[in-house]
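The values are calculated or read from the model by the stated rules, or taken from the named source; none is laboratory data. As the structure is a computational prediction, the values presented were derived from the model and not from experiment. Cβ atoms come from the backbone with ideal geometry, glycine included; neighbour counts cover every protein chain shown. Please note that ligands, DNA and RNA were not included when accessible areas were found on the heavy atoms of the full protein model with its side chains. Shrake-Rupley method; radii C 1.70, N 1.55, O 1.52, S 1.80 Å.
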Amino acid sequence: MLNLILFGPPGAGKGTQSNLLIERYNLVHLSTGDILREEIVVGTALGLEAKSLMDRGDLVPDEVVISMISSKLDNNPSVNGFIFDGFPRTAAQANALDNLLVEKGTTIAAMLSLKVKDTELIRRLLERGKKSGRSDDQNEKIIANRIQEYNNKTAELKEFYASQNKLSEIEGIGSVENIASKLNEVIDTL
Ligand code: B4P
């Protein structure tokens, strides 16, 4: 299996690039942000709990997202691999993912980390917020909180995967196509 983590701060291009990678490598896309937003639309108890946290730009509790990912892995038993987009976001999530994949006899092949400066992240998210209706994209204070959550709890995961020799850092500024070809180059060496 080819299991990839697409990593980076909010607005780095994870969702954008995931959509291209799933086509090219025939992978299943698991975006915890998308799954949570679906739960909110359907109005489940989990969605209700997540909504207020997401609206503030805070992370949702680890046990919620870990159990979501666990059931998605169970529901997709024979696939080429997964792209994890927006997951893991904490050390607890990274450890849980390693354990879940060991149970399935597989592992993470690489973490692909997109590097984008904060001013560009804020610009992109505010731009998306004009059309997306996502309340977390429409307010600069909430975007700043999301970036802070990333710096405080998520960025350290690069070390976790670097220590397993699985980290590749890719410049995330430029055209979507140009960034995609840099990602493809790395993946094709795996
Ligand atoms: P996510 O849905 O993961 O939100 P995101 O990080 O903003 O999305 P992404 O990074 O994929 O957006 P993209 O760059 O593609 O999370 C939302 C919230 O859910 C979190 O704040 C948290 O509350 C919760 N959550 C999710 N997962 C969680 C977890 N594991 N644990 C706890 N909580 C969790 O796109 C941004 C914009 O940039 C787009 O408009 C795009 O068109 C544009 N763009 C992309 N590439 C570009 C380029 N090269 N040039 C110019 N613009 C570009």
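Taking Rh as the Kirkwood radius, which is the inverse of the mean 1/r over Cα pairs, what is the Rg/Rh value for the stretch 1-149? Provide the component values of the computation, followed by the final result.
Details: Rg = 15.2 Å, Rh = 15.9 Å.
Result for the stretch 1-149 is an Rg/Rh of 0.95.
Over the chain, average the accessible area per residue using a 1.4 Å probe and give it in Å², no decimals.
Numbers: 9400 Å² over 190 residues.
Result: 49 Å² of accessible area for each residue.
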Q) Do the alpha carbons of any pairs in K51/K153; K104/K131; K104/K130; K141/K166 sit beyond 31 Å of each other, and which pairs? A) K104/K131; K104/K130; K141/K166
Q. Taking the mean number of other Cβ atoms within 10 Å as a proxy for protection, how do you rank 55-66, 94-105 from highest to lowest?
A. 55-66, 94-105
Q: Work out Dmax and Rg for the stretch 76-133 from the C-alpha atoms and quote the Rg first, both in angstrom.
A: 15.8, 43
**Q.** Cα-based Rg of the stretch 18-78 normalised by 2.2 N^0.38 Å, two decimals
**A.** 1.23
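Going by a ≥ b ≥ c, the root eigenvalues of the Cα gyration tensor, does the stretch 115-190 fall in the rounded group (a/c under 1.5), the prolate group (a/b larger than b/c) or the oblate group? Intermediate results must be reported in sequence, preceding the final value.
On the way: a/c = 2.94, a/b = 1.46, b/c = 2.01.
It is oblate, given that a/c is not under 1.5 and a/b is not larger than b/c.
What is the packing order of peptides 9-20, 70-81, taking the mean over residues of other C-beta atoms within 10 Å and listing the highest first? Numbers along the way, then the final one.
Details: 9-20: 20.8, 70-81: 12.2.
So the peptides 9-20, 70-81, ranked by packing, come out 9-20, 70-81.
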